[in-house]
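None of the figures in this text is laboratory data; all of them are computed from the coordinates on show. The model shown is predicted, which means the values in this text are computed figures rather than measured ones. Cβ: placed from backbone, ideal geometry, glycine included. Neighbour counts: every protein chain shown.
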Amino acid sequence: MHDRSNPYNKKHEPHGLWFNCYENGNYEYKGLYTNGKMHGSWEWYWANGKLSSKGTFNMGHTQGFWTWYHENGKIDETMFYAR
């Protein structure tokens, strides 16, 4: 995997858009941090570029519908997280 530079706030907490890519250039994951906590939409990918999973965080806690996919792109599982 290839590391990417990701932003930090003044307290050196992750803040803003974070992502990482596989050696082939496809995303491994991407999502937002707010003051050190995962917040908003996040997506993870298979090395072939297809979506592996996606969901939403609310200040570090899973929230709402989450979906996991097989490597061929078909849905494996969907779950709802209430907070």
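Worth a mention:
- All positions within segment 72-83 that are part of a loop (DSSP other than H, G, I, E, B), of a type in the set (D, E, K, R) and either surrounded by 12 or more Cβ atoms within 10 Å (Cβ to Cβ) or in contact with a strand residue (DSSP E or B) (Cβ under 8 Å, 6 or more places away or on another chain) (or both): ARG83
- One residue stands out among those in segment 39-66 that are of a type in the set (A, V, I, L, M, F, W, C) and not in a strand (DSSP E or B): the one that is farthest from ASN24 (Cα to Cα), which is MET59.
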